[in-house]
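Engineer: Supplied in structure tokens, the structure appears directly below.
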Amino acid sequence: MKITVTPTEREFDCVAAWRIIGQMLNKPASVIGLSTGRTTGNMHRLVGEIYTAHPFEASGITFFGQDEVTGVSRHYFGACYAMLKTELMDALSVKEENFLMLPTECDDFGRACRLFENEIETRGGIDLLILGLGENGHLGFNQPGCPFDSETRLTGMHPELEVRIRRETNTPPEKHLGGVTLGIKNIMQARRIILVAKGANKTDIVKRMLEGPVTTEVPASILQLHPHCEFLLDSAAAAGLSTGR
Ligand code: GLP
């Protein structure tokens, strides 16, 4: 396991941004998966700033989101589509056909999930997947208890997350919210993964993810078994790990 700990949040964002830029430069036809949330916003904006200051050929890169909120328009500011577009796609001028997102609203989510997986496969599979970490160890919308062989699918939304998203997005109570996500099996098929976690609210779960048993109760613990996963942490998130980090 490769564990990288940065002394500050700013350096955390910087290292993550350069990992993404490095992938884009090393393989101009890369397929790169991204996560939304408090952890990844700054690193996305930094990638955009670096690209704007030092433009390079990026038209062959495919980006996708690992999960999406359902029940809202994708243009709604809490939708992953809108977040990734604002945070990064616009700065990189990524064409719509190279920005793959699961739908927020759809008559047949099962079909949409298979199409999404097939499109990623057709483009060569996932070269780099940046994963955020839930405070209960979730990856995407794969909550504790979900099987390790799960594939891309519609899910419910964890009640605490729903409260947060409703608050952050002002969604009225009568509107049903859910999620659609890459499964753990799809995640583990990525050639390279970077799990990103920062802040004191992640200290406990980072320790359980890295030093506890591999268990479906902590979905992110499966990453201990991935051959090319880097765990990028700031010092606050890494504070609970055994000495020597
Ligand atoms: C949500 C998202 C995930 C994200 C996670 C961490 O559950 N569905 O994609 O990785 O939260 O979010 P944050 O970085 O805000 O803690």
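Every number here is computed from the coordinates shown, using simple stated rules; none is lab data. Because the structure is a prediction, the values reported are computed rather than measured. Every residue, glycine among them, receives a Cβ derived from its backbone with ideal geometry; neighbour counts consider all protein chains shown.
Engineer: Put +1 on the Cβ of every Lys and Arg and -1 on every Asp and Glu Cβ in the stretch 6-126; which of LEU115, ASN42, HIS75 then has its Cα farthest towards the positive end of the dipole?
Structural biologist: Highest projection toward the positive end goes to ASN42.
Engineer: Note down the relative contact order for the chain as a percent, whole number, built from C-alpha pairs under 8 angstrom at least six residues apart.
Structural biologist: 25 percent
Engineer: Determine, for each peptide in 223-232, 55-64, the mean count of other beta carbons within 10 angstrom over its residues, then list the peptides with the highest first.
Structural biologist: Answer by packing, highest mean first, reads 223-232, 55-64.
Engineer: Something else: Please report the orientation-averaged projected area of the stretch 2-238, defined via the convex hull of its C-alpha atoms, in nm².
Structural biologist: Average of the hull's projected areas for the stretch 2-238 equals 11.9 nm².
Engineer: Return the FRET efficiency for the residue pair GLN224, GLU135: r is the Cβ-Cβ distance, R0 is 30 Å, and the value is rounded to the nearest 0.05. If you can, show how the numbers build up before the last one.
Structural biologist: Working: r = 19 Å, r/R0 = 0.62.
Plugging the Cβ-Cβ distance into 1/(1 + (r/R0)^6) gives 0.95.
Engineer: In the chain, what % of DSSP beta bridges are antiparallel (nearest 5)?
Structural biologist: 30 percent
Engineer: With Rg and the Kirkwood Rh both taken from Cα atoms, where does Rg over Rh land for the stretch 142-231?
Structural biologist: Ratio value, two decimals: 1.00.
Engineer: Still on this model: Ordered by residue, what ³J(HN,Hα) values in Hz, to whole numbers, does the stretch 53-61 give under the Karplus form 6.51 cos²θ - 1.76 cosθ + 1.60, where θ = phi - 60° and Gly and Pro are x?
Structural biologist: Coupling constants for the stretch 53-61: 6, 9, x, 8, 5, 9, 6, x, 7 Hz.
Engineer: Tell me which lysines have Cα within less than 20 Å of LYS198's Cα, excluding those fewer than 8 residues away on the same chain?
Structural biologist: LYS198 reaches LYS2, LYS207.
Engineer: Further question on the same structure: Using the charge dipole of the chain (Lys, Arg: +1 at Cβ; Asp, Glu: -1 at Cβ; taken about the Cα centre), state which of PRO103, VAL31, SER221 has its Cα farthest towards the positive end.
Structural biologist: Working it through, the farthest residue towards the positive pole turns out to be SER221.
Engineer: List the GluC sites (Glu not before Pro) within the stretch 153-186 that fall in a DSSP loop (any state other than H, G, I, E or B) and whose Cβ has at most 15 other Cβ atoms within 10 Å.
Structural biologist: Here the GluC sites (Glu not before Pro) that fit, given the DSSP loop and packing criteria, are GLU174.
Engineer: From the C-alpha gyration tensor of the stretch 180-245, pull out the three semi-axes of the equivalent ellipsoid (sqrt of 5λ each), sorted largest to smallest, in whole Å.
Structural biologist: Taking √(5λ) for each Cα gyration eigenvalue gives 21, 12, 12 Å.
Engineer: Give me, ordered by chain and number, the residues 5 or more places off THR6 or on other chains with an amide H under 5 Å from its own placed amide H.
Structural biologist: LEU233, ASP234, SER235
Engineer: If amide H atoms are built 1.01 Å from N in the plane of the peptide, which residues on other chains or at least 5 residues away come under 5 Å of the amide H of LEU131?
Structural biologist: Here ILE194, LEU195, VAL196 satisfy the definition.
Engineer: Additional query: Report, in debye and to the nearest 20, how large the dipole of the chain comes out about its Cα centre when Lys and Arg carry +1 and Asp and Glu carry -1 on their Cβ.
Structural biologist: 420 debye
Engineer: A follow-up question, please. Go from 0 up to the bin containing the longest alpha carbon distance in the stretch 47-148, width 10 Å each, and give me the % of pairs per bin.
Structural biologist: 13, 41, 36, 9, 1
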